[in-house]
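**Q** Pasting a structure here, questions to come.
The values are calculated or read from the model by the stated rules, or taken from the named source; none is laboratory data. Fair warning: this is a prediction, and the values are worked out from it, not measured in the lab. Positions of Cβ are generated from backbone atoms using ideal geometry, with glycine treated the same way; all protein chains shown enter the neighbour counts. The accessibility values were calculated without ligands, DNA or RNA, using every heavy atom of the protein model including side chains. Shrake-Rupley method; radii C 1.70, N 1.55, O 1.52, S 1.80 Å.
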Amino acid sequence: LYLDEQGESVRQGITTEEVIDTFDGPLVFNVKIYASFFEDLEQRKSEGAISDYAVVPYDWRLSIPDILADGSIEQTLRDLAASSHPGKVTIIAHSNGGLIAKALVNRLGGEASDLIDQIILVAVPQVGTPKVVGAVLHGYDISVPFRFSDARARDFLNNAPFIYHLLPHPDYYNRCRYCG
């Protein structure tokens with residue numbers, strides 16, 4: 001998963017084909033990540049409560065502009081909007097996906113309101129998180145389903161553009177009611 005100094009994969013052929021619904025790892029077995037949410041979407045579709053949905057995988061290691069650069073996320077949005085009854089979609093985004101959704105709205109500009117009905121953000125680091133500082137500087141607690149050594153985590157994060165989008169914005173400390 002390592003990236004080079006330009007933020008590109010050091011190994012060719014790593015692709016993002018689907019969102020991980022369940023993680024089966026060497027130390028952790030059958031951890032349901034998004035499986036129940038996907039099951040709920042499928043049930044709502046079969047009942048007619050929603051007409052369709054798309055799960056949009058992306059390479060989370062990259063910068064937000066690089067993730068949006070190929071246009072596939074925007075095209076998925078346009079395709080779903082075109083096939084929906086009201087001509088608009090609801091975006092549900094978790095964590096870094098919320099930052100991507102917000103960047104997509106900015107990219108679409110005034111056209112966003114013609115395509116998007118609402119955006120539901122779940123656990124999105126709106127103004128960053130101080131936890132990332134410890135991860136970048138020391139490799140502390142990077143919250144993956146398996147444990148890297150702190151040195152290896154720090155080494156991985158050194159060239160991972162996504163992590164820098166999570167650094168606290170100066171407003172973090174002005175808005176945080178627990179920060180003093």
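**Q** Any idea how many residues of the stretch 121-134 are part of a loop (DSSP other than H, G, I, E, B), of a type in the set (A, V, I, L, M) and either free of Cβ contacts under 8 Å to residues at least 12 places away in the same chain or out of contact with any strand residue (DSSP E or B) (no Cβ under 9 Å at 6 or more places or on another chain) (or both)?
**A** Result for the stretch 121-134: 1.
**Q** Now a separate question. Taking into account only those residues within the stretch 57-75 that are within 27 Å of Glu39 (Cα to Cα) and touching a strand residue (DSSP E or B) at 6+ places or on another chain (Cβ under 9 Å), which is surrounded by the fewest Cβ atoms within 10 Å (Cβ to Cβ)?
**A** Once the filter is applied, the top-ranked residue is Asp59.
Every residue, every condition in (1) more than 17 Å from Val56 (Cα to Cα); (2) of a type in the set (S, T, N, Q); (3) open to solvent by less than 40 Å² (accessible area, probe 1.4 Å), yes or no:
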site	(1), (2), (3)
His85	yes, no, no
His94	no, no, no
Gly128	yes, no, yes
His165	yes, no, no
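**Q** Which condition number does Asn106 fail, the rest of (1) more than 20 Å from the chain's Cα centre (by Cα); (2) within 27 Å of Leu166 (Cβ to Cβ) being met?
**A** Tallying (1) more than 20 Å from the chain's Cα centre (by Cα); (2) within 27 Å of Leu166 (Cβ to Cβ), Asn106 fails exactly one: (1).
**Q** What single numbered condition from (1) at pLDDT 90 or above; (2) open to solvent by 90 Å² or more (accessible area, probe 1.4 Å) fails to hold for Asn30?
**A** (1)
**Q** Let me ask something additional. Before we move on, is Gly97 on the phi > 0 side of the Ramachandran plot and modelled with pLDDT of 90 or more?
**A** Spelling it out, it is not the case that Gly97 is on the phi > 0 side of the Ramachandran plot and modelled with pLDDT of 90 or more.
**Q** What's the number of the only condition in (1) modelled with pLDDT of 80 or more; (2) surrounded by 15 or more Cβ atoms within 10 Å (Cβ to Cβ); (3) not in a helix (DSSP H, G or I) that Gln118 fails to meet?
**A** Going through the list (1) modelled with pLDDT of 80 or more; (2) surrounded by 15 or more Cβ atoms within 10 Å (Cβ to Cβ); (3) not in a helix (DSSP H, G or I), Gln118 breaks only (2).
**Q** Here are the criteria: (1) outside any helix (DSSP H, G or I); (2) at pLDDT 85 or above; (3) open to solvent by 30 Å² or more (accessible area, probe 1.4 Å); (4) closer than 22 Å to Asp66 by Cα. Tell me which single one Arg107 does not satisfy.
**A** (1)
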